[in-house]
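In what follows, a structure is listed as structure tokens, so that the remarks can point back to it.
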Amino acid sequence: MQLDFLGNLQRTHTCGELRSQNAGETVTLMGWVNRRRDHGNLIFLDLRDRYGISQIVLDLEQSGEAHAKAEAARPEFVVAVVGKVRRRGEGLENPNMPTGEIEIVASELRLLSDAKTPPFSPAEGAIANEEVRLQYRFLDLRREEMQKNFLMRHNVTKAIRDNLSAQGFLEIETPMLTRSTPEGARDFLVPSRVHPGEFFALPQSPQIFKQILMISGFDKYFQIARCFRDEDLRADRQLEFTQIDLEMTFPHQETVFGVVENFVGAAFGAAGVTLGKNFPRMTYDEAVRLYGIDKPDLRLPAMVECAELFTAEQATVLRLAPGSPFVAIRIPGVGEISRKERDDVRALYPPKTVQSATVVDDFKRLEKSFPEAVAEIRKRTGAQDGDLLYLVGGATTISWDFEQGRSVDASGAKRLSVHQRTVYEMAGQIRLLLAQRFADRHKAFEKTGSAEDYKFLWVTDFPMYEWNEEARTWDAAHHPFTSPHEEDIKAGLLTSDKGAVRALAYDIVLNGMELGSGSIRISRQDVQAEIFRSLGMSDEEARARFGFFLTALEYGTPPHGGIALGLDRIVMILAGAQSLREVIAFPKTAKAIDVMVDAPATVSEAQWKELHLRPTVKN
Ligand code: ASP
């Protein structure tokens, strides 16, 4: 086929731009052939670019040469058209197309590039096979939906940059080649050619650098930062992802919340959603008690405590562990569920719940035995006819062998015990299971197009330590630079009652998804050293890993704090997409590979040598 050169042709308009008021103008459009319809003397080409689609008419009588080229054109050919805009005839307008009032009568057509028959047409809406989409990502990204997603991603990112700049934040880049960072995932390592046997690590986050920037006096830092964590992938995880990372000096938690609510408002605004001011706040203990999870989905009601409605004897009949919480879950508007549906749900309980939870899923039966308690439960939960009610508690099989100590924080509040937490968490899992299983009946997850679709929440006062049942040790719940509450340090809880120590750590949650997390940091070298020690890290080990940082802390460190929010996830939610892969241009598959460039890949023996490495596996 004879292809043409662009020559001196210049695009005058995009394919989404022309309207009836342009009728009569001579224009030059360029783009991809979206569809081609051959009616003999008349050939129609739908020409597509990022901005839209315009209909081109090639009339044998008016321009034989252009018509002949259009005969050769096929979908995904790249062409340039010179022609005259004309109004479409009466009844021929296409109201579904922004350019549907007009068409362009071509006087010249240049075939700039031909195209093989693509494995799928970018003109199609949904393409089932994701592997093929990712392999031919260049075609996939031509699809309207993907073009929209990336336009939105750009707009959202720009709104965030502009907003944070206006709030006085400076964008500062931190290194990609660095050393192992403390987010707790596996590092990606990069062997050094120049220093045999030594490795750089790709950053899991800019954490230490942003703290050092505070020590350096930059006051307010942000970065749209790429982070790398070598984790097993799920639909909402990627090996590399982008976070909106920020840090500021002299903040209280509320200062950080204000900054974030401000830029999140701008980001959502860029996507056409006007959010209300001030997201609600809830402590971690409250979240677990009311929702059985640290990222509550507020679109459905909280759980309600009912344990004390049953006597010890009744609790035994119900096979409820003595002293266990017993919570009612209400899912509104589900209606009657059948025996089979109930069994189907049971089959989905997590294994731990099957072993250790008492679940009452037949409320009618319970009502026969305990009419008064059930009447009270209906009252407390505000249950209406047609609402689904479940009760979940710890089963007598649960072993309560671990005692937690005092577990009263410095404010005097009783912290949840590990046991209580376990039971609430099991209940929370069943709550979410029911919520998902019956989503088409309760409809609480359906978008209405208003700000009500987005239930934000700040979760605060996370525990500083997590009990590791297997190792029977207290582990850090966050990275080790997170500050405990000042009062909890002063009360000596770091050594006397780790389970009661509250971290000045917070998460921002949206519709049951964690959007980001952050903390007020430790700004004193002595406290930092104590925290390393209390995490079982020796002074030597801490020096070896974070010595440069401990040194920096000794040269005048302002109190500081910050947060990081997942940009990919925010865009995914705003785009209404089901997976991060819909909003990352070149993502990895669930098997952690890039199928388009075929990475990871083997490298030559010479490269191994150069890096002073030897493979232990043969490919
Ligand atoms: N470095 C943390 C993270 O990436 C965020 C923060 O503490 O600011 O999750």
Report summary line: Cα pairs beyond 14 Å in the range 466-544, in percent, come to 65 percent
Report task. Using all C-alpha to C-alpha distances in the range 85-145, build P(r) with 10 Å bins and read off the rounded percent in each one. Result -> 17, 30, 33, 18, 1
**Report entry** 20 Å reach of a label modelled at HIS612, 7 Å along Cα-to-Cβ, counting backbone N of the range 190-230
**Finding:** 190-202
Query - Burial ranking of peptide ranges 594-602, 577-585 (average Cβ count within 10 Å, highest at the top) - result: 577-585, 594-602
Query raised in the report: In cubic angstrom, how much convex hull volume per residue do the alpha carbon atoms of the range 196-261 span?
Result: 126 Å³
**Report entry** Compactness relative to 2.2 N^0.38 Å, alpha carbon Rg of the range 147-214
**Finding:** 1.50
Query raised in the report: Can you give the charge dipole size of the chain about its Cα centre, rounded to the nearest 20 debye, using +1 on the beta carbon of Lys and Arg and -1 on the beta carbon of Asp and Glu?
Result: 540 debye
Query - Karplus-derived HN-Hα couplings along the range 2-12 (A = 6.51, B = -1.76, C = 1.60, θ = phi - 60°), whole Hz, x at Gly and Pro - result: 7, 9, 9, 9, 5, x, 9, 5, 10, 5, 9
Report task. Please state, rounded to one decimal and in Å, the Kirkwood hydrodynamic radius that the chain gives when every pair of distinct Cα atoms enters the mean of 1/r. Result -> 28.8 Å
Query raised in the report: Once the mean 1/r over all distinct Cα pairs of the range 226-318 is inverted, what Kirkwood radius in angstroms do you read off?
Result: 17.7 Å
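Stokes-Einstein at 25 °C, 0.890 mPa s, Kirkwood radius from Cα pairs: D for the range 459-612 in µm² s⁻¹?
130 µm²/s
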Query raised in the report: Among the listed pairs LYS148/LYS210; LYS69/LYS158; LYS220/LYS295, which are separated by more than 31 Å between their Cα atoms?
Result: LYS148/LYS210; LYS69/LYS158
Query - Per-pair calculated FRET efficiency, R0 = 41 Å: ILE593 and THR28 via Cβ, rounded to 0.05 - result: 0.45
Query - Under 5 Å, built H, 5+ apart or other chain: amide partners of GLY52 - result: CYS15, GLY16
Query - Per residue accessible area in Å² of the chain, where ligands, DNA and RNA are left out and the probe is 1.4 Å - result: 49 Å²
Query raised in the report: If each Cα of the range 139-269 is one equal point scatterer, what is log10 of I(q)/I(0) from the Debye formula at q = 0.14, 0.22 Å⁻¹?
Result: -0.79, -1.29
Query - Given charges at Cβ of Lys, Arg, Asp, Glu: the range 506-619 dipole, positive-most of LEU567, ILE508, VAL583 - result: VAL583
**Report entry** Cleavage-rule hits, GluC sites (Glu not before Pro), the range 346-443, DSSP coil, Cβ neighbours within 10 Å at most 15
**Finding:** GLU403
Query raised in the report: Within the chain, what's the longest stretch lacking chymotrypsin sites (Phe, Trp or Tyr not before Pro) that sit in DSSP loops with no more than 13 other Cβ atoms inside 10 Å?
Result: 6-401
**Report entry** Alpha-carbon spread of the range 420-468, three principal axes, descending order, Å
**Finding:** 41, 24, 14
Query - Carbon/sulfur fraction of accessible area - the range 499-553, other protein chains in place, 1.4 Å, % - result: 49 percent
Query raised in the report: Could you give the dipole magnitude of the range 450-507 about its Cα centre, charging the beta-carbon of Lys and Arg +1 and that of Asp and Glu -1, in debye to the nearest 20?
Result: 200 debye
Report summary line: Cα-based Rg and Dmax for the range 526-585, in Å, come out at 19.0, 49
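Subtract the Cα-Cα distance of ARG365 and GLU93 from 0.36 nm times their separation in residues, and report this length gain in nm to one decimal.
Numbers: separation 272, 0.36 × 272 = 97.92 nm, distance 6.29 nm.
Answer, rounded to one decimal: 91.6 nm.
How large a share of the accessible area of the range 84-231, in percent, is made up of carbon and sulfur atoms when the probe is 1.4 Å and the other protein chains stay in place?
Roughly 51 percent of what the probe reaches on the range 84-231 is carbon or sulfur.
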Report task. Quick one: give the max-minus-min coordinate of the C-alpha atoms of the range 1-132 along each principal axis, largest first, in Å. Result -> 46, 35, 29
Report task. Using DSSP to define loop residues, name the GluC sites (Glu not before Pro) in the range 44-90 whose beta-carbon has at most 15 other beta-carbon atoms within 10 Å. Result -> GLU61, GLU90
Requested in this report: Could you please tell me the mean projected area of the C-alpha convex hull for the range 300-351, averaged over all directions and given in square nanometres to one decimal?
Outcome: 5.0 nm²
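Where the accessible area of the range 356-457 is counted over protein heavy atoms with a 1.4 Å probe, how much of it, in %, is carbon and sulfur?
Within the range 356-457, the accessible surface is 48 percent carbon and sulfur.
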**Report entry** Kirkwood-Stokes translational diffusion coefficient of the range 503-547, alpha-carbon pairs, 10 °C, 1.306 mPa s, µm²/s
**Finding:** 128 µm²/s
Query raised in the report: Can you give me the Cα centroid spacing of the range 310-379 and the range 229-292 in angstrom?
Result: 34 Å
Query raised in the report: Dipole of the chain (Lys/Arg Cβ +1, Asp/Glu Cβ -1, origin at the Cα centre): which of SER107, ALA328, PRO484 lies farthest to the positive side?
Result: SER107
Query raised in the report: Can you give me the Cα centroid spacing of the range 37-74 and the range 465-510 in angstrom?
Result: 68 Å
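When the gyration tensor of the range 77-190 is built from Cα positions, what are the square roots of 5 times its three eigenvalues, in whole Å, from largest to smallest? Present the calculation step by step, with values, prior to reporting the outcome.
On the way: eigenvalues 360, 107, 48 Å².
One finds semi-axes of 42, 23, 15 Å for the range 77-190.
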Requested in this report: Putting +1 on Lys and Arg Cβ atoms and -1 on Asp and Glu Cβ atoms, find which of TRP474, SER407, GLY91 reaches farthest to the positive end of the dipole of the chain.
Outcome: GLY91
Requested in this report: Using only alpha carbons, build the gyration tensor for the range 267-365 and give me the equivalent ellipsoid semi-axes, biggest first, whole Å.
Outcome: 32, 19, 13
Report task. For the range 373-501, report the convex hull volume of the alpha-carbon atoms normalised per residue, in Å³, without decimals. Result -> 194 Å³
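The values are calculated or read from the model by the stated rules, or taken from the named source; none is laboratory data. Nothing here was measured: the structure is a model prediction, and the numbers come from that model. Methodologically, a virtual Cβ is constructed for each residue, glycine included, from the backbone with ideal geometry; neighbour enumeration extends over all protein chains shown. Only protein heavy atoms, including side chains, enter the accessible area calculation; ligands, DNA and RNA are left aside. Shrake-Rupley method; radii C 1.70, N 1.55, O 1.52, S 1.80 Å.
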